[in-house]
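The values are calculated or read from the model by the stated rules, or taken from the named source; none is laboratory data. The structure presented is a predicted model; accordingly, all values stated were derived computationally and were not measured. Note that we place each Cβ from the backbone using ideal geometry, even for glycine, and neighbour counts take in every protein chain shown. Side chains are part of the model used for accessible areas, which takes the heavy atoms of the whole protein and leaves out ligands, DNA and RNA. Shrake-Rupley method; radii C 1.70, N 1.55, O 1.52, S 1.80 Å.
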Amino acid sequence: MTSDAVTGNEETRDEPSRTTTAARGSGRVVVVGSINVDLFARVARHPRPGETVLGGDGSTRPGGKGANQAVAAALAGADVAMVGCVGDDAQARVGLSLLRRAGVDLGRVREVADTPTGLALITVADSGENSIIVVPGANHALTMEDVADLGLTTGDVVVLQGEIPVDVVDETARRAVAAGARVCLNLAPVVDLAADTLRAADPLVVNEHEALAAAGLLGVDAGGHEEESIDAVAATSLAEALVGAGVRSVVVTLGGAGAVVALEGAESFTCTGERVEVVDTTGAGDCFAGTLAARLALGDDLGAAAAVGNRAAAKAVQGHGAQESYDWEGRS
Ligand code: RIB
């Protein structure tokens, strides 16, 4: 499959301006999220309900949206700490392997007794599109106590997603805001977060479907848009409606078509995507979010950070798996 380059509906940016590191970011990213082991099967096409299909290659790889984002942020140059839980099983080693290699601080990763490490069952079709079932396991053992004392400070970027308990996401966002840190919230999978958590996001990172769901959670009129029909124009109006409902900033990812950026008091714009051969989209959205968070922590503005995130995600879809497909060049 080839993904197309973007056509922007408003201002379209290739290489937006950057601000200096000293001005805004601490260079530190704290990811509070899931750590999984991904069990992959390649298939010609995804099975229909009740159908059995024969798979091609199978593999076991490190994954989890939180861990993927942490690895991506570290590879993008940030100083990254991971907060999460793994089981007391052999899979934990797999789940943590590339976090270790990327130099992520694992001092706040807790091992939970008698509980399996999170597991994701993933089928990837010839089109590169995946379907994923996550069995949370130890990820759901994360508690308020785990996020009570993260030592957050102004300029830190805290990355959150939906594979850990909802109350822990809400509490972490509340603490981050109180500490003056920036919240980067990836509403994936969609979970029922408090409206205050969604509004604290700066940015809220969503794909088209998640943008619609976020509108639902905030009681925002989605303008009659349906999942199948969201293009860059519709994504922009949705993103602007979310900002209008109090979300600090919104980035809607559109795959190869780039990403729409909306923030209060400024014109929305589209960052261009890249035309690449897609092998496997697994973890590409996480790569985008983690890279974007790193660039924000290093002082980029949102447009510049999204542009770098787009390039990182374009690289990620050209390889197999999540973390292994990221840009490890220059790392041993
Ligand atoms: O976004 C991809 C990730 O979703 C996979 O690595 C899997 O573990 C699930 O969390």
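Structure data summary
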{"item": "Enumeration of residues in region 257-270 that are closer than 15 Å to Glu208 by Cβ and open to solvent by 10 Å² or more (accessible area, probe 1.4 Å)", "result": "Ala257"}
{"item": "Number of the exception - Gln69 against (1) within 25 Å of Thr123 (Cα to Cα); (2) open to solvent by 10 Å² or more (accessible area, probe 1.4 Å); (3) not aromatic (Phe, Trp, Tyr)", "result": "(2)"}
{"item": "Residue within region 260-268 that is touching a Lys or Arg at 6+ places or on another chain (Cβ under 9 Å) and within 16 Å of the ligand (Cβ to nearest atom) present", "result": "no"}
{"item": "Region 277-288 residues that are in contact (Cβ under 8 Å) with a residue 60 or more places away in the chain, paired with ones that are near the ligand (Cβ under 6 Å from one of its atoms) and open to solvent by less than 10 Å² (accessible area, probe 1.4 Å) (beta carbon under 7 Å, 6 or more apart)", "result": "Thr282/Ala322; Gly283/Gly63; Gly283/Asn68; Gly283/Ala322; Asp286/Asn68; Asp286/Ala322; Cys287/Asn68"}
{"item": "Residue that is nearest to the chain's Cα centre (by Cα), among those in region 278-317 that are in a loop (DSSP other than H, G, I, E, B) and within 16 Å of the ligand (Cβ to nearest atom)", "result": "Gly283"}
{"item": "Count - residues of region 296-323 that are open to solvent by 20 Å² or more (accessible area, probe 1.4 Å) and touching a Phe, Trp or Tyr at 6+ places or on another chain (Cβ under 8 Å)", "result": "3"}
{"item": "Enumeration of residues in region 214-257 that are more than 30 Å from Glu277 (Cβ to Cβ) and in a loop (DSSP other than H, G, I, E, B)", "result": "Leu218, Gly219, Val220, Asp221, Ala222, Gly223, Gly224, Ala245, Gly246, Val247, Arg248"}
{"item": "Number of the exception - Thr19 against (1) in a strand (DSSP E or B); (2) modelled with pLDDT under 50; (3) of a type in the set (Val, Ile, Thr)", "result": "(1)"}
{"item": "Residue check, Ala74 open to solvent by less than 10 Å² (accessible area, probe 1.4 Å), more than 12 Å from the chain's Cα centre (by Cα), among the aliphatic types (A, V, I, L, M) and at pLDDT 95 or above", "result": "yes"}
{"item": "Candidates Gly128, Gly155, Gly107 - the one that is under 26 Å from Val190 (Cα atoms) and not β-branched (Val, Ile, Thr)", "result": "Gly128"}
{"item": "Residue that is farthest from Gly66 (Cα to Cα) [pool: residues in region 116-154 that are of a type in the set (Ser, Thr, Tyr) and either within 10 Å of the ligand (Cβ to nearest atom) or crowded, with 19+ Cβ neighbours inside 10 Å (or both)]", "result": "Thr123"}
{"item": "Candidates Glu228, Glu240, filtered to the one that is open to solvent by 40 Å² or more (accessible area, probe 1.4 Å) and modelled with pLDDT under 95", "result": "Glu228"}
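To keep it simple, each residue is scored yes or no on (1) modelled with pLDDT under 95; (2) touching a Ser or Thr at 6+ places or on another chain (Cβ under 9 Å); (3) open to solvent by less than 20 Å² (accessible area, probe 1.4 Å); (4) away from the ligand (no atom under 16 Å from the Cβ).
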residue	(1), (2), (3), (4)
Cys184	no, no, yes, no
Asp196	no, no, no, yes
Pro203	no, yes, yes, yes
Ala214	no, no, yes, yes
Ala234	yes, no, yes, yes
Val252	no, yes, yes, yes
Gly255	yes, yes, no, no
Thr272	yes, yes, no, yes
